[in-house]
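The values are calculated or read from the model by the stated rules, or taken from the named source; none is laboratory data. All values reported here derive from a predicted model rather than from experimental measurement. Note: ideal-geometry Cβ built from the backbone for every residue, glycine included; neighbour counts use all protein chains shown.
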Amino acid sequence: MNHQIRLGKHGCQLRLALFTTFLVASLATVCLADLPSGESLSVEGTGASKASGVSELAISDETGDSINPLVRLMAQSQPKIVKIYGAGGMRGLESYQTGFLVSNEGHVATSWSTVLDSTKIRIVLADGHKANAELVGMDPQTEIAVLKMEEPAASFFTLDENALPSIGDRVFGFSNLFGIATGDEPVSVQRGVVMAIAPLSAKRGRMKTLYQGRILVLDVMTNNPGATGGAIIDLDGRLVGMLGKELRDDQTNIWLNYALPMDVVSGSIRRILEGKTATDLRSDKLVPAKRPHRFSSLGFNLLPDVLAKTPPFVDQVAPTSIAARSGLQVNDLILLVNDSRIDSRRSFEELLATIDRADNFSLLVQRGQDLVKIEIRP
């Protein structure tokens, strides 16, 4: 079991240096295993920046002939990975993460997070080309989202729900961990092994996440800022999973390195594209209630509406109020009301005005790095 220590900003360079050494050694190990008996292999590279991108490595046997099945796998996978930039920076929230292309129409699969709560989502492709994208939809139960770029994709992964690795299989994690790659630099690649395939529901009460299905437990430290939404690839180049969000056991303080398996990922993407998951708020279809809920009666308020889209952060919660009894807390960021996505204080007010004060309703909020579901019961 891998124990991960979170380092401060001054420990980042040490961690990256260790990662660089680990990756080069991993590449050599994999290729060496494929060599005929008695042949040797050399890996040439210069520094950390080249170690993170396989295209900068020269792998050859003692005769100088190229032995590159692994390099070819990396080179074929990198163009399918994208860097995502959006909202963030407020209250310690990151503004970047990873995704991967899943159609030639430009659809991108990624993790659903506050990075996507922006009117302007920017995609950076492997060659450094930048494209705008919009949110197609999200699946709150799996925390998966689908974006669509304004242009088609030249390379993308095939979604195969049967691409399930076995315990002990060697896999590679592609992600823009720590936001290292910002342009045409390759994203980072980490080599690991599938240690277990188990239900995350066994961790309920200790792991704060909405998803309760099966996960691929990995022996490599993928649980890093910016890595969520990245791709897990097997030795055949198949997409076998999506890197999950940062998740820590509250009791043991151990971080979980995991990925969502392909049957979950492909099923969620399909439901999103079919419009069967959470939807954006359509103000032209809202019908006001005769006796709607109000902030004052519920006992909480949001940040003042000072921007075109002021994020719906909870600013105040009155003690003993309905909101307090329901578990709402200051600094919670409201993401969903029932099944409708909320992207600003104004959109929350519009939707709240359609719910009768006698009716219950549910909120999905982000609390730090956790997603929490709250039932408001008057």
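What number of residues within segment 226-256 satisfy the criterion of being farther than 21 Å from ASP139 by Cα and modelled with pLDDT under 90? Spell out how you get there, then give the answer.
Step one: list which residues in segment 226-256 are farther than 21 Å from ASP139 by Cα, which gives 233-238, 248-256.
If we keep only those that are modelled with pLDDT under 90 too, we end up with 248-256.
Total meeting the criteria: 9.
Output the qualifying pairs, or none if there are none: Cβ atoms under 8 angstrom, residues six or more apart or on different chains, first residue in segment 339-357 and within 17 Å of ILE376 (Cα to Cα) and touching a residue at least 24 places away in the same chain (Cβ under 8 Å), second residue surrounded by fewer than 19 Cβ atoms within 10 Å (Cβ to Cβ) and basic (Lys, Arg).
Within 8 Å, the pairs are LEU352/ARG294; ASP356/LYS290; ASP356/ARG291; ARG357/ARG291; ARG357/ARG294.
Would it be correct to say that PHE172 is in contact with a helix residue (DSSP H, G or I) (Cβ under 7 Å, 6 or more places away or on another chain) and modelled with pLDDT of 95 or more? First the steps, then the outcome.
Details: in contact with a helix residue (DSSP H, G or I) (Cβ under 7 Å, 6 or more places away or on another chain): no; modelled with pLDDT of 95 or more: yes.
Spelling it out, it is not the case that PHE172 is in contact with a helix residue (DSSP H, G or I) (Cβ under 7 Å, 6 or more places away or on another chain) and modelled with pLDDT of 95 or more.
Which of the residues spanning segment 175-216 are within 16 Å of ASP263 (Cβ to Cβ) and modelled with pLDDT of 90 or more?
The answer is VAL194, ILE197, ARG214, ILE215, LEU216.
Looking only at segment 115-147, which residues are surrounded by fewer than 19 Cβ atoms within 10 Å (Cβ to Cβ) and hydroxyl-bearing (Ser, Thr, Tyr)?
Across segment 115-147, the qualifying residues are SER118, THR119.
Look at VAL306 and say whether it is outside the structural domain of GLY244 (by TED's automatic domain parsing) and under 22 Å from the mean Cα position of the chain (by Cα). Even if it seems obvious, please write down each step before you answer.
Values: outside the structural domain of GLY244 (by TED's automatic domain parsing): yes; under 22 Å from the mean Cα position of the chain (by Cα): no.
No: the conditions fail for VAL306.
Working only within segment 148-163, note down all residues that are surrounded by 15 or more Cβ atoms within 10 Å (Cβ to Cβ) and not aliphatic (A, V, I, L, M). Outline the logic, then answer.
We begin by selecting, within segment 148-163, every residue surrounded by 15 or more Cβ atoms within 10 Å (Cβ to Cβ); these are 148-149, 153, 156-157, 159, 163.
Within segment 148-163, LYS148, PHE156, PHE157 meet the criteria.
What number of residues within segment 334-364 satisfy the criterion of being within 20 Å of the chain's Cα centre (by Cα) and at pLDDT 90 or above?
Restricting attention to segment 334-364, the residues satisfying the condition of being within 20 Å of the chain's Cα centre (by Cα) are 334-336, 341-343, 364.
Next, from what is left, pick out any that are at pLDDT 90 or above: 334.
Summing the residues that are within 20 Å of the chain's Cα centre (by Cα) and at pLDDT 90 or above in segment 334-364 gives 1.
Quick check on my filter: what residues within segment 164-198 are surrounded by fewer than 20 Cβ atoms within 10 Å (Cβ to Cβ) and of a type in the set (Gly, Ala, Ser)?
If the condition is that a residue be surrounded by fewer than 20 Cβ atoms within 10 Å (Cβ to Cβ) and of a type in the set (Gly, Ala, Ser), then SER166, GLY168, GLY179, GLY183, ALA196, ALA198 are the ones that fit.
Among the residues of segment 362-372, write down those that are surrounded by fewer than 18 Cβ atoms within 10 Å (Cβ to Cβ) and either closer than 24 Å to ARG291 by Cβ or assigned by TED's automatic domain parsing to the domain that holds GLU143 (or both).
Across segment 362-372, the qualifying residue is only SER362.
Whether any residue in segment 144-156 is of a type in the set (Asp, Glu), out of contact with any helix residue (DSSP H, G or I) (no Cβ under 6 Å at 6 or more places or on another chain), in the same structural domain as HIS129 (by TED's automatic domain parsing) and modelled with pLDDT of 95 or more is what I want to check.
no
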